[in-house]
């Protein structure tokens with residue numbers, strides 16, 4: 001047992017069994033102390049501790065009244081918290097006692113409190129879903145009371161992702177502080193067609209004392225050729241094909257294409273052949289002349305001209321008989337001769353292809 005110095009008058013005596021104590025954060029240690037009134041009259045003695053936070057300390061009787069020569073045992077408990085506030089290592093402190101009759105005098109005993117080390121950390125992945133090639137971060141908070149090193153590793157099933165920088169890093173974090181590691185990931189093989197594809201991965205954080213935390217995340221990537229582009233190209237091809245067919249069926253052949261003459265329309269009248277010679281210049285009588293009662297006298301044949309008449313150019317060949325109404329080629333008619341509705345063979349084909357393409361496009365977007 002140890003006693004404090006008696007001072008000038010030696011009014012107070014402090015006795016402890018040992019001056020070295022060990023405790024783990026969150027646990028408590030109890031120190032038995034014997035206080036003695038060595039004065040010649042009754043006194044009030046007060047117990048205190050210096051060197052460690054008062055929030056850690058609990059005394060069964062911090063103050064007591066003692067008669068001359070009377071001694072009393074007091075229990076003193078010290079409980080450091082389970083946090084970085086209770087730093088690991090040796091912490092010197094002093095147990096003190098004061099007298100009410102002599103407040104200027106302090107009687108104390110020097111002691112050592114050894115706090116054990118503990119390791120605790122928290123890790124976090126932000127964001128948990130990241131686009132391919134975009135940076136992501138792993139933060140590590142050291143909640144222990146000693147500095148620790150942490151090993152970070154990233155891995156994906158079947159090695160589908162490539163990580164940058166190297167898939168393993170190391171962080172040294174002091175107690176109560178944060179450290180961060182940044183990385184990015186890309187798929188090794190992107191699909192050629194399709195929409196968005198997700199690649200899962202795991203970030204593994206391991207402390208020096210073998211504590212492990214696994215953080216799950218995923219990398220979102222897109223195909224080289226998106227599905228909506230294929231649908232748009234298909235719809236464009238169908239639209240161009242239908243437009244071309246419509247121009248051919250409704251508006252005739254495109255400009256510059258060879259055309260065939262329209263077929264002649266059947267008529268009730270007999271088609272007259274085109275004249276090949278110049279018609280006579282003398283007008284023809286509208287009414288037949290009266291028949292002579294007597295036969296006309298014989299007439300001499302007219303003299304033959306000495307020179308043939310100059311050749312004349314035949315008139316232009318009429319393209320269609322006069323008075324015959326023409327209709328535009330390709331215009332369908334019904335039995336009564338009225339123009340009918342044009343055929344639209346493209347519309348059903350266009351609908352049969354367009355509707356499934358639009359449904360596929362909406363499903364891909366969802």
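Taken together, the values in this text are just the output of simple stated rules run on the coordinates, not laboratory data. Quick caveat, the model's predicted, so the values are computed rather than measured. All Cβ positions, glycine included, derive from the backbone under ideal geometry; neighbour counts span all protein chains shown.
Worth pointing out:
- Projected area, mean over directions - segment 48-169, Cα convex hull, nm²: 12.3 nm²
- Overall dimensions of segment 2-115 by Cα: Rg and Dmax, Å: 14.6, 47
- Of all DSSP beta bridges in segment 121-223, antiparallel share, percent nearest 5: 95 percent
- Per-residue Cβ neighbour counts within 10 Å put 111, 242 in the sequence 242, 111, beginning with the fewest.
- Once the C-beta distance of residue 149 and residue 114 is scaled by a Förster radius of 22 Å, the resulting FRET efficiency is 0.40 to the nearest 0.05.
- Global geometry of segment 142-201, whether rounded, prolate or oblate, following the gyration tensor of its Cα atoms and the 1.5 cut on a/c: prolate
- The percentage of C-alpha pairs in segment 121-223 whose separation is greater than 15 Å is 60%.
- With neighbours defined as other Cβ atoms within 10 Å of a residue's Cβ, the residues 204, 90, 11 order from fewest to most as 90, 204, 11.
- By the beta-carbon count within 10 Å of each Cβ, the least crowded to most crowded order of 106, 205, fewest first, is 106, 205.
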